[in-house]
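Input: a single structure, listed below in structure tokens.
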């Protein structure tokens, strides 16, 4: 999971690989819980990049993505948001939903 979001945000999110952007803060208990779940998600879904975004940092894209609640997870394909999760998401929910989008991506690649 990458923490280095700020400098290469727009370049990296436009790549074709699915990206899961996790908008949180370092002081929020729900965010810490979500990050723990995302750590377990990463090895289960190697077909996606998981990017942590601390909205307290200067120059994040929280405004561009209209983040109004924490944690918020945005699934991106080719730089466009295709699914949004608001609040803490269970591991099995994330795996099930993201797997559907991974299959769609694979189908659309041919």
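Only residues that are outside any strand (DSSP E or B) and either under 20 Å from residue 66 (Cβ atoms) or modelled with pLDDT under 95 (or both): list them for the stretch 20-31, please.
We begin by selecting, within the stretch 20-31, every residue outside any strand (DSSP E or B); these are 25-31.
25, 26, 27, 28, 30, 31 - these are the residues of the stretch 20-31 that are outside any strand (DSSP E or B) and either under 20 Å from residue 66 (Cβ atoms) or modelled with pLDDT under 95 (or both).
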Quick check on the stretch 7-19: of everything there that is part of a loop (DSSP other than H, G, I, E, B) and within 25 Å of residue 102 (Cα to Cα), which residue is modelled with the highest pLDDT?
17
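The values are calculated or read from the model by the stated rules, or taken from the named source; none is laboratory data. Here the structure is a predicted model, which is why all the values come from computation and not from measurement. So basically every Cβ, Gly included, is an ideal-geometry build from the backbone, and we count neighbours across all protein chains shown.
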